[in-house]
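As structure tokens, the structure follows; a few thoughts come after it.
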Amino acid sequence: MKRKVSLRVNGEEREGWAEDRMLLVHFLRDELNLTGTHIGCDTGHCGACTVLLDGKSVKSCMVLAVQAQGRKVETIEGLEREGKLHPLQEAFREHHGLQCGYCTPGMILSSLYLLRHNPSPSEEEIRRAISGNLCRCTGYVNIVKAVRAASERMATRVEAPSTEETG
Amino acid sequence: MSAARTSPRSVAVPAPAEGTGWVGKSIPTKESVRFTTGHGSYLDDVKLEGTAHIALVHSPYAHARIRSIDVKEASAMPGVLAVYTGEDIRKLVDPFMQLAPPPADKVLDYPLAVEKVRFVGEPVAVVVARDRYLAADAAEMVQVDYDVLPPVMDAESAASPSAPILHEAIGTNRVWDGVYEYGDVDGAFAQADLVIQEKFHYHRFNSAPLELNAALASFDRRTGELTLYTNNVMPMFCMPLVASSLRLPSDRIRVIVPDVGGSFGNKINSFPYMVLVSVLSMQLGRPVKWTELRSEFLAAGTHGNERTFQIEAAVRKDGTLLGLRGEAFDDTGAYARYEPAGAVIWAQVAFSMYRHKNLRLHFHSVFTNKCPVGPNRGYSRAQHLFLYERIMDRIADRLGLDRGEVRERNFVRADEMPYQAPNGTVLDGGDYARALHRVQEMLDLPSLRAQQKALRARGRYLGVGIAAALDSAGNNFAQVRVINPHLPFSGNSESARVWMDMMGRVHVAMGPTNQGQGHETMASQIVAHELGLNPEDVHALPGFDSHSHPYTGHSGAYASRTAVMGGGALLGAARELRRRIQVIAAHLLKTAPEDILLEKGEARSRRTGNALPLSVIGGVALGNSLELPLDMDTNLSVTYVYRPPFRIPSHVDKKGNFTLTYSYQVHGAVVEVDPETGKVHLRRYVAVDDCGNMINPAIVEGQVIGAAVHGIEAALLCEAKYGADGQLLASSFTDYLCATSLDVPPVEVEHFITPSTAGPMGVRGVGEGGGTALPALAAAVEDALSPFGVTFQDSHLTPERIQSAMRGRAPTVPSPP
């Protein structure tokens with residue numbers, strides 16, 4: 001049986017229908033057509049589906065859509081502000097922190113969670129923060145560089161407050 | 001209609017940048033805008049109204065006869081549209097063409113198993129349902145009754161006459177075998193001071209792209225046209241297989257490849273699934289989509305070729321390698337879906353980077369009850385290069401020489417380039433010894449040795465390993481005629497179209513699919529460079545669509561070829577468009593075509609300084625054409641096919657130019673091995689790469705690091721391991737371990753630039769990396785554990801393997817109390 005699920009996604013009230021067993025990642029992709037959140041495994045290892053749920057980084061294949069009822073979700077589609085890339089998005093571009101781009105949304109969301117809680121992380125802290133996200137192309141070198149560059153940029157530039165940020 | 005031109009010879013190294021000098025610049029990739037904002041469009045993001053989804057029923061056995069399949073219960077499940085077994089599908093499609101010569105050409109290979117299953121995970125039935133959840137529910141209700149047969153789990157025993165046979169129709173497990181013999185091998189062994197005998201095993205793994213295989217077929221009964229969305233990265237090469245299996249003329253099939261989330265070769269063998277969704281869409285009259293599960297990818301996607309070498313090396317006491325002879329067994333798995341191409345592709349690097357002249361290798365490709373193998377980054381060459389590097393280490397160790405000095409003694413020298421190896425392949429430049437020295441300097445080898453000594457005294461084991469490899473680019477397809485002289489393939493080619501519209505805007509499209517190498521960026525750079533534009537002003541069509549992109553039968557993203565093959569095509573097309581613009585501009589500016597310079601979006605007379613924006617050229621040529629003489633060509637769309645000058649290798653002596661150009665790299669690894677646990681800690685990793693001129697150095701560096709990390713994790717983590725009963729022991733990312741950000745150090749890269757004398761623009765191609773990390777790490781671990789006197793024959797260095805090698809051994813240099 002399907003039930004209606006209402007939640008706030010990237011600052012907008014959204015609703016759709018989900019069976020109890022439907023995964024949040026399928027709900028986002030198939031019901032809400034937010035296809036920037038990707039799927040790379042069946043076991044919660046790869047992190048391609050990482051989103052922020054009430055400000056916390058989660059793998060959306062490990063959450064049921066019905067568990068997100070009434071909660072706030074941030075996905076990659078919500079990071080741009082008034083047509084401007086988020087500093088993390090800019091830094092991933094400038095530092096060639098991606099190749100095929102498939103891990104990138106999850107990688108950026110994990111990095112965003114890190115930088116909100118630790119605005120100037122060390123290399124070790126960055127590597128730890130993204131260790132639940134597999135990248136199969138870059139060998140992580142340029143991702144780490146990009147996250148560090150974004151943290152520096154965000155320190156000198158106040159990030160526009162997130163619509164969903166809970167701190 | 002655009003004019004197709006072909007080049008009889010390789011495109012010359014370009015003249016200095018006429019316009020803007022964009023070739024050689026590390027600009028951010030164009031693709032990165034959509035990829036960082038979540039607006040990439042990968043296969044599963046493509047949605048068509050009324051799409052049905054499939055779920056596959058897999059074999060739990062490695063080898064069994066199918067007695068019966070009961071689909072009654074599954075067919076009655078909610079949302080189920082149809083259930084098909086292998087028998088049902090066999091009636092609807094033709095089996096796939098086989099590359100092997102007789103008798104293995106008689107193997108019957110279908111999208112679903114027929115009569116028998118031959119590996120764990122082989123699909124035996126398919127459920128089509130309204131959504132993927134309902135399809136998965138129903139797939140569980142399909143009842144398959146099997147008679148289990150003994151499995152054949154390694155290549156050497158599969159080749160023996162007493163082994164159970166996988167494909168009864170051919171009466172043997174042999175896919176192909178043959179002897180490659182170059183030089184005077186027996187003479188070399190007669191002169192040897194030392195003969196080294198070894199057995200090496202290159203393990204089974206794949207590079208596991210993050211996006212899984214997927215396909216979406218939509219058959220329009222009204223037009224009879226099939227639209228096939230796929231993330232196959234060699235789709236037009238696969239098209240004859242797909243069309244003939246579906247019994248459809250190729251003009252009824254449109255192929256669309258959207259953004260691809262990595263492939264590393266692994267997505268080339270997805271054609272059985274492309275046929276499956278296509279036939280289901282034709283049967284059901286609605287779109288049908290397949291998205292693979294990771295467990296399916298690991299069990300039934302593509303594994304890299306697992307190879308065992310039994311080898312002898314003839315060596316002089318100064319460390320000179322005189323000759324190699326032996327046998328190679330390629331375990332190709334249950335079906336030959338790209339094989340036995342691997343039985344010849346290694347010969348692109350038959351002598352690696354070394355000067356010795358004598359080689360005899362009896363190569364066997366055999367069927368086993370494992371997942372079919374296919375291209376994986378460094379396809380078939382990485383295995384062979386691993387052999388050479390390990391042999392160099394053995395020579396040094398046996399003679400008490402330095403491992404670096406032995407390589408240097410045997411390397412082809414810079415002053416011998418271009419160098420023709422005894423099998424006819426030509427190394428087109430580079431300085432291998434200098435790259436080796438640079439890696440030694442980057443590692444600061446003397447201080448590492450001092451550190452190693454000091455640590456050993458404290459019971460800690462540091463080791464350093466250095467290995468070298470080639471990355472061959474632009475393969476000559478005719479090499480497959482060495483294994484089957486009747487195959488209709490030869491040469492290599494790529495197509496690009498560059499055109500200007502009525503508003504003066506420039507567009508570009510080409511045949512290779514884009515799986516993360518930044519093809520849109522690279523194409524824009526080359527076209528901008530040639531036409532005096534900015535890359536942002538060039539519109540590169542994303543992905544691949546057979547209705548809008550030019551292509552040849554060789555098109556695709558594989559074998560490090562796009563910069564070389566696509567680059568040649570782009571250069572040819574852009575230059576011809578430039579010439580046509582110059583002719584039109586010269587007429588309008590009343591000057592000679594040679595006087596016209598394209599710069600900053602204008603065509604300008606060098607003599608008078610008068611200029612016209614490209615929008616005027618496009619507008620006049622395409623919309624106001626009576627301003628031009630009637631005999632002037634107003635076609636501003638150029639399709640160019642780049643075709644290097646290959647010849648067909650001899651089937652008899654197996655000699656020829658198997659590939660166009662060679663990049664090379666030398667890697668250095670520093671490890672510390674815990675002798676208690678067998679765990680390898682990678683402390684540092686450095687690489688020197690020479691791929692000739694670079695179109696976009698940042699993209700090149702990304703490829704070099706990515707390839708290095710695939711090799712590192714292959715050596716230390718990933719293995720598609722099977723139990724003796726044929727069960728796959730790594731069926732998810734829980735046990736198939738890919739490197740995380742905590743498993744690999746920042747790989748440090750330096751570039752040498754020796755322009756290729758064979759490829760266009762002096763580029764050599766980059767991407768596969770030759771698997772250099774596998775021998776580098778094996779060497780480093782052996783170096784670390786040298787006080788224990790252990791050696792490794794396997795490319796996979798698990799803690800278990802290291803521990804078992806160390807068992808009962810004490811270090812020769814005692815640790816102080």
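Using θ = phi - 60° in the Karplus curve 6.51 cos²θ - 1.76 cosθ + 1.60, the 3J(HN,Hα) couplings for the stretch B:791-797 round to 10, 10, 9, 9, 7, 10, 10 Hz; x is entered for Gly and Pro.
Between the alpha-carbon centres of the stretch B:103-131 and the stretch A:91-136 there is a gap of 40 Å.
What angle, in degrees between 0 and 90 and rounded to the nearest 10, separates the Cα long axis of helix A:104-117 from the longest principal axis of the Cα atoms of chain A? It is inclined by approximately 70 degrees. Beyond a 20 Å Cα-Cα separation, which of these cross-linked pairs lie in this structure: A:Lys84/B:Lys30; A:Lys145/B:Lys267; B:Lys47/B:Lys289; B:Lys357/B:Lys655; B:Lys25/B:Lys600; B:Lys199/B:Lys453? Over 20 Å Cα-Cα: A:Lys145/B:Lys267; B:Lys199/B:Lys453.
At a temperature of 4 °C and a viscosity of 1.567 mPa s, determine how fast the stretch A:65-167 diffuses translationally according to Stokes-Einstein, using the Kirkwood radius over alpha-carbon pairs as Rh; express D in µm²/s, rounded to the nearest whole number. After rounding, the answer is 92 µm²/s.
Classify the protein assembly as shown from the C-alpha gyration tensor, please: rounded if a/c falls under 1.5, else prolate or oblate depending on whether a/b exceeds b/c. Here the protein assembly as shown falls in the rounded category. Taking 51 Å as R0, compute the FRET efficiency from the Cβ-Cβ separation of B:Leu742 and B:Asp415 and round it to 0.05. Rounded to the nearest 0.05, the efficiency is 0.70.
Please compute the volume of the convex hull spanned by the alpha-carbon atoms of the stretch B:525-585 and report it per residue in Å³. Could you put the intermediate results ahead of the total?
On the way: hull volume 6.4 nm³, N = 61.
Normalising the Cα hull of the stretch B:525-585 by residue number yields 105 Å³.
For A:Thr37, B:Thr332, B:Thr513, the sequence from fewest to most other C-beta atoms within 10 Å is A:Thr37, B:Thr513, B:Thr332. Normalised by the number of residues in the stretch B:48-127, the average gap of Cα pairs under 8 Å and 6 or more apart makes the relative contact order 50 percent.
Kindly identify the stretch A:2-78 as rounded, prolate or oblate by the Cα gyration tensor criterion: order the square roots of the eigenvalues as a ≥ b ≥ c, call it rounded if a/c is under 1.5, otherwise compare a/b with b/c, prolate if a/b is larger, else oblate. Cα axes put the stretch A:2-78 in the oblate bin. Relative to the longest principal axis of chain A, what angle (0 to 90°, nearest 10) does the C-alpha long axis of helix A:141-156 take? Once rounded, the angle reads 90 degrees.
Across the stretch A:1-141, Cα-Cα pairs farther apart than 24 Å form 28% of the total.
For B:Asp193, what charge total do you get from the other residues with a beta carbon under 12 Å from its beta carbon, if Lys and Arg give +1 and Asp and Glu give -1? Show your work: numbers first, answer last.
Working: positive: B:Arg316, B:Lys317, B:Arg398; negative: B:Asp318.
Around B:Asp193, the charge tally is +2.
Relative to one another, the C-alpha centroids of the stretch B:598-659 and the stretch A:1-75 are positioned 49 Å apart. Under the combined filter of DSSP loop state and at most 12 neighbouring Cβ atoms within 10 Å, the stretch B:617-694 retains these trypsin sites (Lys or Arg not before Pro): B:Arg647.
Based on the alpha-carbon gyration tensor of chain B and its eigenvalue square roots a ≥ b ≥ c, which shape applies: rounded if a/c is under 1.5, prolate if not and a/b is larger than b/c, or oblate? Verdict is oblate for chain B.
Give the value in nm², to one decimal: projected area of the alpha carbon convex hull of the stretch B:437-559, averaged over all directions.
Values: hull surface 56.4 nm².
Orientation-averaged projected area of the Cα hull: 14.1 nm².
From Cα pairs below 8 angstrom and at least 6 apart in sequence, can you work out the relative contact order of chain B, rounded to a whole percent?
Values: 2088 pairs, mean separation 142.8, N = 817.
Worked out over chain B, it gives 17 percent.
Entry note, chain A: relative contact order of 24 percent, from Cα contacts under 8 Å with a spacing of 6+ residues. Taking a straight line from the alpha carbon of A:Lys59, these lysines sit under 19 Å away, with near neighbours fewer than eight places off in the same chain left out: A:Lys72.
At an R0 of 30 angstrom, the distance between the Cβ atoms of A:Glu82 and B:Lys600 translates into a FRET efficiency of 0.45.
Here is the list for the stretch B:654-719: GluC sites (Glu not before Pro) lying in DSSP coil, each with at most 14 other C-beta atoms within 10 angstrom of its C-beta, are B:Glu676.
Looking at the stretch B:73-134, which trypsin sites (Lys or Arg not before Pro) are in a loop (DSSP not H, G, I, E or B) and have at most 11 other Cβ atoms within 10 Å? Could the numbers behind the result be given before it?
On the way: sites: B:Arg90, B:Lys91, B:Lys106, B:Lys116, B:Arg118, B:Arg130, B:Arg132; in loops: B:Lys91, B:Arg118, B:Arg130.
Sparse-neighbourhood loop trypsin sites (Lys or Arg not before Pro): B:Lys91.
Would you please state which residues of the stretch B:197-233 a label at B:Lys721 would reach in this model, taking the label point 7 Å out along Cα→Cβ and a backbone N cut-off of under 12 Å? Correct set: B:204. Other residues within the sphere of radius under 9 Å centred on the Cβ of A:Asp20, judged by their own Cβ, net out at +2 (K and R +1, D and E -1). Peptide packing: for B:786-794, B:271-279, the average count of neighbouring Cβ atoms within 10 Å per residue gives the ranking B:271-279, B:786-794, highest mean first. Long hydrophobic helices in chain B, taken as whole DSSP H segments with a C-alpha length of 24 Å or more on their own axis and mean Kyte-Doolittle hydropathy at least -1.0: B:381-399, B:567-588, B:697-716.
Inter-part distance, the stretch B:731-749 to the stretch B:26-58, computed on C-alpha centroids, equals 24 Å.
For the peptide B:208-215, the mean number of other protein chain Cβ atoms found within 10 angstrom of a residue's Cβ is 5. Percent of Cα pairs in the stretch B:715-771 per distance bin of 5 Å, from zero to the largest separation: 4, 12, 13, 16, 12, 11, 10, 10, 8, 4, 1.
No value in this document is a laboratory result; all are computed from the given coordinates. Everything numeric here is computed off the predicted structure, so don't read it as measured data. We place every Cβ from the backbone using ideal geometry, glycine too, and count neighbours over all the protein chains shown.
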